[in-house]
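Enquirer: Pasting a structure below so you can have a look.
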Amino acid sequence: MFRKELLHSCEMCFYRSEAPMENCEFMDAEYKRRRRLLGNIKFIGLLFKFRVIRSRIMFECFNFLLTDSVINGDDGALREEYIETFCHLFRQTAKQLFMRDSE
């Protein structure tokens, strides 16, 4: 029960995407939002590392980060924060992904 609730909570945080702040006075809020996003990604990577979530979910996360960054980018440009989180998640989980795929 705890595991299911934890995964649901992570999923809600992952898919909740707030628009970036553009005003200088809100830069602190933007920094906190980006830091929270990266923290959630690190947590998802750890859940995968300890086999709480499966590789299928990881590929769904990768797909979301890349697809959403293309769709929501300005004039087709990739959103930096999604690319950054994708790279961090991939670095954190690549070894386990390839090991589990070969099993």
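The values are calculated or read from the model by the stated rules, or taken from the named source; none is laboratory data. Small disclaimer: the values here were computed from a predicted structure and weren't measured. Keep in mind that these areas ignore ligands, DNA and RNA; they rest on the heavy atoms of the full protein, side chains included. Shrake-Rupley method; radii C 1.70, N 1.55, O 1.52, S 1.80 Å.
Enquirer: Given H placed 1.01 Å from N in the peptide plane, which residues other than close sequence neighbours of residue 53 have an amide H under 5 Å from its amide H?
Expert: 48
Enquirer: A further question follows. Check cross-link reach from residue 95 to the lysines: straight Cα distance under 24 Å, and skip same-chain residues fewer than eight apart.
Expert: 42, 49
Enquirer: Then there is this: Provide 9, 55 ordered by accessible surface of protein heavy atoms (probe 1.4 Å), highest first.
Expert: Output order, biggest surface exposure first: 9, 55.
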